[in-house]
Every structure is written in structure tokens, then in C-alpha cells.
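Readers should treat all values here as calculations from the given coordinates under stated rules, not as data from a laboratory. In this text, all values refer to a predicted model and were calculated from it rather than measured experimentally. Cβ placement follows ideal geometry from the backbone for every residue including glycine, while neighbour counts extend to all protein chains displayed.
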Amino acid sequence: MQTHVDPFNGRGYVVLRGVIEPAAVRAARREMEGLVEEQAAKLLAAGKIRDPWKDEPFATRLYRLYENCLDVAPKSFRQELHRPGLFGVFFHPKVLDVVEEFLGGEIRLYPNYTARPKFPEWEGTQVLWHQDGGYTEQVADGGEQTVEQLRMVNAWTPLVPARVANGCMQFIPGTHALGVVPHTKRRHYLEIADEVLRPRLSQAVDIELDPGDVVLFHNLLFHQGKPNRTQQIRWSLDWRYQDATQPTLRKESGHPARSRRDPERAVQNAEQWARLSFT
Ligand SMILES: O=C(O)CCC(=O)C(=O)O
């Protein structure tokens, strides 16, 4: 049953269409709506806004709240994701089944999981071309294991349809085979060094997905989020799995997502997930 391993190893990614059922997508979106509600309350209490935009749809409300103070807008949410409605995404059994094909039966949810509200035309939420390993390299603790030795699978799913116009993901197939390449620090994000990136840009592919679809990709694959040229927020979740027998090379240790040796070790349910924290 090695149906996903060949494309993953060859081009560096595999798309799982409709793998997360609509109820689980709705549960995740509801958590994001709650998060936006909290942001509105915070801005109101701080006197930064007068209107909490209660009737504004999910796809625009956070932007409305911050459009006059974009410099303090959240670029992403991470610590805030220990909410019951996200368990059904991060610990989805069908996604974990595929990940197990790549990583084996000891799987960790890596301590890098994020919700991204990509605002219209704002560079603060436009993630530039990078390898995830390029970021890990910046924080790696200098132990014996190198970033290139990490056995990891990245996952990305949209909470609204992700298209070229609103900033879907783009990949350059096969680039995961290049190892960790040099990155340059830009204002908000790292970017792959120009001389490595430019000759490969013509091979970039657009990854257009609907809510419920998940793309799994290699930790070293060159990827970016395209600019959002619409007037709505492109909401998405990204998270990562790792072979749990390895160190994370970060100060956090993540959470066990599946253990064939000791199934009780894995996070068991939504309530347990919500009690845990970003550690
Ligand atoms: O969502 C995006 O635009 C970028 C996400 C990303 O770079 C990642 O998942 O590693």
C-alpha cells in the first residue's frame, strides 16, 4: 500500500483531496472565528477600534479589525491553537495513515503548527520562498543530528478555497533533493538566496486546494504562499509531523500523534489537546 511514497519522494509532495470531512473543517473554522472574536475584544478594550465588526464574514473580519493598524496585526497564530476543534485536523487518522507510510509508526506532531490569515495585499503575511529546514537551521541547537537528517512531513490545508488569486501555495518540484540551501533574512520572512532560487522559478507549480484537501510535502521542498490579490483573507493551517524517535532540534518537544509501540502515549482526544500547550 505504498501509493503515496513514490510521488512524495520524487517531486516532494502529494495532494490528498477531500481527506478532512466537512464537519472537521467546520470545527476548525469555528475555532478561528472564536480567535477573531478574542482579537476584536482585545482591540476594543485597548481603545484601538470602536466597531468590532460583529456581522462581518469570517473571510474578512480580522482584516477589517486591523486594516487601520496593520503594523500590529497578527501574522499567524500558534500558541492559540490548543483548542478542541483543531484536534480533528492535526490528528486526522487518514492523514496520519499516509504519514505513517513515510515515517513509520512513531509520529510526533512537530512543535511548529500555525494558523495563517493571509491578508489582502500585505507583505506581513506573504510568506516568501523558503524551505522549512531553512528556518529550523536558524534555531537548531547544534546537537549531533543535522536538519537534513530530520525525517519530517509538512502538512497544509486551507479553510477557504485557496487559488492563485488569493495566494495559494507554490512548490518547486524536486528541490527537496538539494539539501538545506542558503536563505537571506528579509523584513518579515527568510527567502531562499537569489542565485539558488532564480534558475528554478520557471518550474514552480500552483497548489490550488479546497477546504478538506491536504497537501503533504517534504521539509526541504522550496515553497511559498503567493500574494493575496483579493479583498478576502486566505485562512489556512499548516503543521508538521516528525519521526518521534528523533530530536526536534528546537527547544519545544511537540506532542505524540501516533505510537504503534505504545498507543496510549499519543494525544487521545480533543479535550486532551485543548489542555496541552505549545511545548
Ligand atoms: O500559508 C502560507 O502562505 C505559507 C505556509 C508555509 O510556508 C508553510 O506551511 O511552511
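Couple of notes before you dig in:
- For the residue pairs LYS94/LYS251; LYS54/LYS118; LYS42/LYS75; LYS118/LYS226, the C-alpha atoms sit more than 18 angstrom apart in LYS94/LYS251; LYS54/LYS118.
- Alpha-carbon radius of gyration plus Dmax, which is the widest Cα pair, for the stretch 199-274 in Å: 17.0, 48
- Ranked list, fewest to most other Cβ atoms within 10 Å of each Cβ, for PHE217, PHE91: PHE91, PHE217
- Among THR3, THR125, THR245, a tally of other beta-carbon atoms within 10 Å of each Cβ gives an order, fewest to most, of THR3, THR245, THR125.
- Computed from label points 7 Å out along Cα-Cβ, the spacing between LEU178 and GLU56 is 3.8 nm.
- Potential lengthening between ARG187 and ALA45 on full extension [0.36 nm per residue; Cα-Cα distance subtracted]: 48.2 nm
- P(r) weight above 31 Å for the chain, C-alpha pairs, percent: 25 percent
- Within the stretch 1-140, the proportion of C-alpha pairs whose separation exceeds 17 Å stands at 71%.
- Of the DSSP H helices in the chain, those that are both long (alpha-carbon extent of 27 Å or more along the helix axis) and hydrophobic (Kyte-Doolittle mean at least -0.5) are 22-45.
- Once the Cβ-Cβ distance of ARG275 and GLU101 is raised to the sixth power relative to R0 = 30 Å, the FRET efficiency obtained is 0.50.
- When LEU44, LEU159 are sorted by how many other C-beta atoms sit within 10 angstrom of their C-beta, beginning with the fewest, the order is LEU44, LEU159.
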